[in-house]
Amino acid sequence: MTHPILAGVRTFVVALETIAIASAALFTAWALYVSLVEHPARMETGPAAARTEFRPSYRRAAPWQASFAILTLASGLAASLLTRGWAWAVGGIMVGALVPFTLLAIMPTNRRLLASTPLDEPEALALLQRWGRLHWIRSALGAVGLVVLLLAAHLR
């Protein structure tokens, strides 16, 4: 018979693992949608309209994406500490690392696109193209982190 405390810990671990996978999946699905659908559609409207659409889209998406990444990091690390399964930490860190990646690598481009200062068309186009390339990095790393978490669940 399993001790009630051990059963409770096991339930908590499963909850953490589920949260890590679910938040990584939400992060990755959202990032892939933006990379595959939203940003290319935005770019078809031309640089001025694309920049105009970028502003409200970014302001709505950023808090959600950051929340999913941080939740994946926290739950992946906690699951790793409780199970000694290093893959939970690796997957959580891969997705969680996208927050500092965004702040350091993408934020300078975001600031220029979000600013109220006018940009000429070639500059706006170059910034939007750069943003799209950087966002693909987020999408790819999120997907790899999700795969690592799924492998961790499979191997347990």
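Coordinate-derived values only; no laboratory data. Since this is a predicted model, take the numbers as computed values, not measurements. Note that we place each Cβ from the backbone using ideal geometry, even for glycine, and neighbour counts take in every protein chain shown.
At 0.692 mPa s and 37 °C, plugging the Kirkwood radius over alpha-carbon pairs of the chain into Stokes-Einstein gives what diffusion coefficient in µm²/s? After rounding, the answer is 197 µm²/s.
In this label model, M107 and S57 are separated by 2.2 nm, measuring between points 7 Å along each Cα→Cβ vector. Think of the chain as having a plus end and a minus end, set by charges on the Cβ of Lys, Arg, Asp and Glu; of A79, A49, L150, A79 sits farthest toward the positive end of this dipole. Give me the Kirkwood hydrodynamic radius of segment 94-156 in Å, from all C-alpha pairs, to one decimal place? One over the average 1/r among Cα pairs gives 13.3 Å for segment 94-156. Relative to the current alpha-carbon distance between V144 and A22, full extension at 0.36 nm per residue lengthens the span by 42.5 nm.
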